[in-house]
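In what follows, a structure is listed as C-alpha cells, so that the remarks can point back to it.
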Amino acid sequence: MKFSVVLHKDLGSDFGVTVPDVPGCFSSGVTVAEALDNVQEALALHFEGLVADDQPLPQAQDIDVHYANPDFAGGVWAVVDFDVTPYLGKAVRFNATLPENLLHRIDERVKRDHRYASRSGFLATAALRELAAV
C-alpha cells in the first residue's frame, strides 16, 4: 500500500517524517534517504501495535487529501510503499477461477514488477486497492 509521507527539517535537526494516514506514526533520519528508510520500520512497529490491540488498520489516502493541511505546511511530500499483507491475518488458501488470458497477464506483471513476490501478492494488493476505493 502506498502511504503519503511529509518530511520536515528544522535548522540543526534531523529530517522528520510524518505519515498523515497513520496517526502517531513518525520517524526521522540524518538524510532524506535514511528518514524514508526508517519510516518503513516505524510503520511496521505501528501496524504490529494495532494488530496486538485488535484495532483497525489505517487505509492510505491520496496525497491530495492531506496537501492543504496547515500542519504539514512547508513539508516535502513523498510516497512510501509499505506491505500491509503481513498484518491482515493468517493466510488462507482458496481456489479461484480466472480467464486464462487474465491469469497470463497477471503472471507477466508479477515477473516484471518486483513489488509483487507472487500471484497471490498481486491479487491481494489489487483487492486492497479496490476495497480502499469504496
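Can you sort Phe122, Phe82, Phe94 from fewest to most other Cβ atoms within 10 Å of each residue's own Cβ?
Working: Phe122 17, Phe82 20, Phe94 6.
Ranking Phe122, Phe82, Phe94 by Cβ neighbours within 10 Å, fewest first, gives Phe94, Phe122, Phe82.
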- [ ] Could you tell me what fraction of 2.2 N^0.38 Å the Cα radius of gyration of the chain comes to, as a two-decimal ratio?
- [x] 1.21
- [ ] Note down the magnitude of the dipole of region 16-134 about its Cα centre, charges +1 on Lys and Arg C-beta and -1 on Asp and Glu C-beta and zero elsewhere, to the nearest 20 debye.
- [x] 580
- [ ] Would you list which aspartates and glutamates come within 17 Å of Lys90, measuring only between C-alpha atoms, while excluding same-chain residues fewer than 8 positions from it?
- [x] Glu48, Asp53, Asp54
Task: Dipole of the chain [Lys/Arg +1, Asp/Glu -1 at C-beta], most positive-end residue of Val32, Asn69, Pro99 - done: Pro99
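With +1 assigned to the C-beta of every Lys and Arg and -1 to the C-beta of every Asp and Glu, and no other charges, what is the dipole magnitude of region 57-116 about the Cα centre in debye, to the nearest 20? Before the final figure, lay out each step's value.
Values: 7 positive and 9 negative charges, 75 e Å.
So the dipole magnitude of region 57-116 works out to roughly 360 debye.
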Task: For the chain, with +1 on Lys and Arg beta carbons and -1 on Asp and Glu, the positive-most of His8, Pro58, Pro23 along the dipole - done: Pro58
TODO: Could you work out the longest stretch of the chain that avoids the trypsin sites (Lys or Arg not before Pro) located in DSSP loops with at most 13 other Cβ atoms within 10 Å?
DONE: 1-89
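Let me spell out the model: positive unit charges on the Cβ of Lys and Arg, negative unit charges on the Cβ of Asp and Glu, origin at the Cα centre of region 90-134. What dipole size does that give, in debye rounded to 20? Each step should come with its number before you reach the end.
Values: 9 positive and 5 negative charges, 37 e Å.
Using Cβ point charges on Lys, Arg, Asp and Glu, region 90-134 gives about 180 debye.
Quick note: the coordinates plus some simple rules give every number you see, no bench work behind them. Since the structure is predicted, the reported quantities are computational estimates derived from the model, not experimental observations. Please note: Cβ atoms are built from the backbone with ideal geometry, for glycine as well, and neighbour counts cover all protein chains shown.
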